[in-house]
Amino acid sequence: MRHLVVVLGDQLDLDAAGFDGFDAARDAVWMAEVAEESAHVWSSKPRTVMFLAAMRHFALALRAAGRTLHYAPLDDPATHGSLQAQLHADVERLRPTGLVMTAPGDWRVLQSIKGVAQAQGLPLDIREDRHFHCSVREFAAHARGRKVLRMEYFYREMRKRHGVLMQGDEPEGGQWNFDADNREAFGAAGPGAVPPRVVFEPDALTREVIALVEKRFGAHPGRLDGFAWPVTRAQALVALQRFVAERLPLFGRYQDAMWPGEPWLYHAHLAAALNLKLLNPREVVAAAVAAYRVGAAPLAGVEGFVRQILGWREYVRGIYWTRMPGYAELNALDAHQDLPSWYWTGSTEMACLRDAITQTLQHGYAHHIQRLMVTGLYALMLGVQPQQVHAWYLAVYVDAVEWVELPNTLGMSQYADGGLMASKPYVATGKYIQRMSPHCKGCRYDPAQRTGEKACPFTTLYWDFLMRHEAALSDNPRMALQMKNMARLNDAQKQAIRERAAAVRNGEVA
Ligand SMILES: Cc1cc2nc3c(=O)[nH]c(=O)nc-3n(C[C@H](O)[C@H](O)[C@H](O)COP(=O)(O)OP(=O)(O)OC[C@H]3O[C@@H](n4cnc5c(N)ncnc54)[C@H](O)[C@@H]3O)c2cc1C
Ligand code: SF4
């Protein structure tokens, strides 16, 4: 054998760079389902099914394309527990003259594969992942010499470089950012008739995986009844087309809104398909822009959507690869509280958190504002150690892969990188949640109260957070107003907040 082409669970693209020059007569593909990938964090059942079902369907596509495949299934007793051990064994058996792969998404996995190549004395050809609009080298060039990094400037560069929503050198519609037109809450009547979720009934192969995951990882979090994610490229294309036709027109407007029992709203639900490479971000961006061009979706919403894919998604990848491995250890706010155990069950009296976590465990999905301004916000203000928060986010979502999850969690949500990702910590009282959703109406707590039996834990923890981090935050001009308001509290008020916050932290309030 000449080359063994290593394909990971998030590299399910027949046209990936790793296949360039593939010679069916001399090369073969290698894939493995190993327990370690579901165990290094306590991977939820929906997430594991998402990966394994998509991998098994991709294996069929590879064979149909005439590519020889060596595939180690999880339910084969001979399969090793880790990628490294499995690859070692297969290299010894197959004796390729070299390993080839598209650059992996995870730093940890890259080290494992390099370790095998080195131990076996084999050349390892790692190819640029052209799935992305921006290479790591290009991102590093963008970052070089800048004192602070801001997504907005990176995003504008990307728009210009790729000619997306541009009129010559000017942004379409004369402005780069339409945030002011986006981000409404639903009125009192609620979201009305939201388009139904696009459901992909599990076929026999996916049902097999569901049974396997129940058997092997039955005690892991999450539920599998109702698993309906796209697990093939054909399904992912249907999901994209349905999103553009049915949800994109209202995507921007309700991007930040929440409604109890409504997990799907106007979001794309495409992150898992993108991250597993069933979809290419260029086709996703092109489909959204085309909808704007024919008048099927407004510019503000389309720009807001393009910003997520061409901006945030590429930006966090650049941060990850230019900052790892040290980034994963950061803890700028010196936070050491344990993650409350109810993050794994949803068993809390806080209505907003209960809704977001229950839905997360049911579907492996929550939209961005639930992740950032409900589960993330609470963990930040409680003072949870960021690495524990990271382990939770990496475990629970079907779209969770470390290169995108880690900067979002440690940087954007937990401010653990001291301001590299976000210019200030995203902190707010329960009143923010009250403004964006009706959760507070059905809650035993009151977002307007910061102390006392009915005090909303978010509101208590907000003031406590500002007091605890006064020294670190008072130099930040973007925090000036919040710090000024905090300074108006008298000593007795501060003491009462501290006492209530201590009760929240001790688990007396949950
Ligand atoms: C704490 C935290 C953890 C997160 N972990 C992940 C993760 O593991 N995997 C993941 O893909 N996204 C993650 N995100 C980003 C974002 O929340 C999800 O991409 C989004 O909610 C997925 O749902 P959707 O496909 O319906 O996205 P939509 O809201 O419809 O957005 C469209 C697409 O834009 C991209 N996108 C949107 N926001 C971001 C962002 N901040 N960073 C990168 N891409 C973005 C995604 O590919 C998404 O599919 C995280 C955000 C936070 C705050
Ligand atoms: S009162 Fe507080 S805990 Fe309850 S739903 Fe509102 S924000 Fe959440």
Region 290-312: number of residues that are open to solvent by 20 Å² or more (accessible area, probe 1.4 Å) and not polar (S, T, N, Q) = 9
Is it the case that some residue within region 235-247 is within 17 Å of the chain's Cα centre (by Cα), modelled with pLDDT of 95 or more and open to solvent by 10 Å² or more (accessible area, probe 1.4 Å)?
-> no
Residue ID - farthest from TYR327 (Cα to Cα), chosen from residues in region 422-434 that are in a loop (DSSP other than H, G, I, E, B) and open to solvent by 10 Å² or more (accessible area, probe 1.4 Å) | THR429
When THR451 is run through (1) part of a helix (DSSP H, G or I); (2) of a type in the set (S, T, N, Q); (3) more than 18 Å from ARG435 (Cα to Cα), the failure sits at (1)
Turns out the helices (runs of 4 or more DSSP H) fully within region 103-175 with at least 1 residues that are open to solvent by less than 50 Å² (accessible area, probe 1.4 Å) and more than 14 Å from GLY311 (Cβ to Cβ) are 107-120, 136-143
Of everything in region 445-462 that's open to solvent by 30 Å² or more (accessible area, probe 1.4 Å) and either more than 7 Å from ligand 2 (Cβ to nearest atom) or assigned by TED's automatic domain parsing to the domain that holds TRP259 (or both), which residue is farthest from ALA510 (Cα to Cα)?
-> ALA448
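Quick grid of which residues meet (1) away from ligand 1 (no atom under 14 Å from the Cβ); (2) within 30 Å of ALA228 (Cα to Cα):
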residue: VAL398; (1), (2): no, yes
residue: GLU405; (1), (2): no, yes
residue: MET421; (1), (2): no, no
residue: PRO425; (1), (2): no, no
residue: SER437; (1), (2): yes, yes
residue: GLY452; (1), (2): yes, no
residue: ALA455; (1), (2): yes, no
residue: THR459; (1), (2): yes, no
residue: TYR462; (1), (2): yes, no
List every residue pair whose Cβ atoms lie under 6 Å apart, where the two residues are 6 or more positions apart in sequence or sit on different chains, the first residue falls within region 301-328 and is free of Cβ contacts under 8 Å to residues at least 24 places away in the same chain, and the second residue, located anywhere, is open to solvent by less than 20 Å² (accessible area, probe 1.4 Å) and part of a loop (DSSP other than H, G, I, E, B).
-> none
Residues that are among the aliphatic types (A, V, I, L, M) and open to solvent by 30 Å² or more (accessible area, probe 1.4 Å), drawn from region 463-504 = ALA471, ALA472, ALA480, LEU481, ALA487, ALA492, ALA496, ALA502
Index of the failed condition, CYS440 passing every other in (1) more than 9 Å from ligand 2 (Cβ to nearest atom); (2) open to solvent by 10 Å² or more (accessible area, probe 1.4 Å) | (1)
Condition check for THR409: part of a helix (DSSP H, G or I) and either surrounded by 15 or more Cβ atoms within 10 Å (Cβ to Cβ) or assigned by TED's automatic domain parsing to the domain that holds PRO263 (or both) | yes
Could you tell me which numbered condition ASN182 fails, if it satisfies all but one of (1) in contact (Cβ under 8 Å) with a residue 60 or more places away in the chain; (2) exposed (fewer than 14 other Cβ atoms within 10 Å of the Cβ); (3) among the polar types (S, T, N, Q)?
-> (2)
Do we have any residue at all in region 192-202 that's of a type outside the set (Val, Ile, Thr), more than 25 Å from GLU283 (Cβ to Cβ), at pLDDT below 95 and surrounded by fewer than 16 Cβ atoms within 10 Å (Cβ to Cβ)?
-> yes
Please work out which residue is nearest to the chain's Cα centre (by Cα), limiting yourself to region 61-102 and to residues that are within 25 Å of ALA328 (Cα to Cα) and open to solvent by less than 30 Å² (accessible area, probe 1.4 Å).
-> THR102
From the list GLY218, GLY261, GLY222, pick out the single residue that is modelled with pLDDT of 95 or more and more than 16 Å from ligand 1 (Cβ to nearest atom).
-> GLY218
Go through region 3-45 and give me each residue that's surrounded by 15 or more Cβ atoms within 10 Å (Cβ to Cβ) and basic (Lys, Arg).
-> LYS45
Hey, GLN388 within 16 Å of the chain's Cα centre (by Cα) and more than 16 Å from ligand 2 (Cβ to nearest atom) or not = yes
Could you tell me which numbered condition THR375 fails, if it satisfies all but one of (1) within 17 Å of VAL41 (Cβ to Cβ); (2) open to solvent by 20 Å² or more (accessible area, probe 1.4 Å)?
-> (2)
Please indicate, with yes or no, whether at least one residue in region 80-87 is outside any helix (DSSP H, G or I) and touching a residue at least 60 places away in the same chain (Cβ under 8 Å).
-> no
Leading residue by the ranking (surrounded by the most Cβ atoms within 10 Å (Cβ to Cβ)) among those in region 347-368 that are more than 13 Å from ligand 2 (Cβ to nearest atom) and not hydroxyl-bearing (Ser, Thr, Tyr) | GLY364
Considering residues that are more than 10 Å from ligand 1 (Cβ to nearest atom) and either within 15 Å of GLY318 (Cα to Cα) or in a helix (DSSP H, G or I) (or both), the number found within region 375-394 is 7
Please tell me if THR348 is assigned by TED's automatic domain parsing to the domain that holds TYR445 and in a helix (DSSP H, G or I).
-> no
Qualifying residue in region 463-476 (condition: touching a residue at least 40 places away in the same chain (Cβ under 8 Å), within 16 Å of ligand 2 (Cβ to nearest atom), outside the structural domain of TYR315 (by TED's automatic domain parsing) and within 30 Å of LEU330 (Cα to Cα)) | yes
For residues that are under 19 Å from the mean Cα position of the chain (by Cα), under 23 Å from MET166 (Cβ atoms) and outside any loop (DSSP other than H, G, I, E, B), scanning just region 248-281, find the one that is farthest from ligand 2 (Cβ to nearest atom).
-> PRO281
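The values are calculated or read from the model by the stated rules, or taken from the named source; none is laboratory data. Given the structure is predicted, the values throughout are model-derived calculations rather than measurements. Glycine gets a Cβ as well: all are built from the backbone with ideal geometry, and neighbour counts include every protein chain shown. In case anyone asks, the SASA skips ligands and DNA or RNA and just uses the protein heavy atoms, side chains included. Shrake-Rupley method; radii C 1.70, N 1.55, O 1.52, S 1.80 Å.
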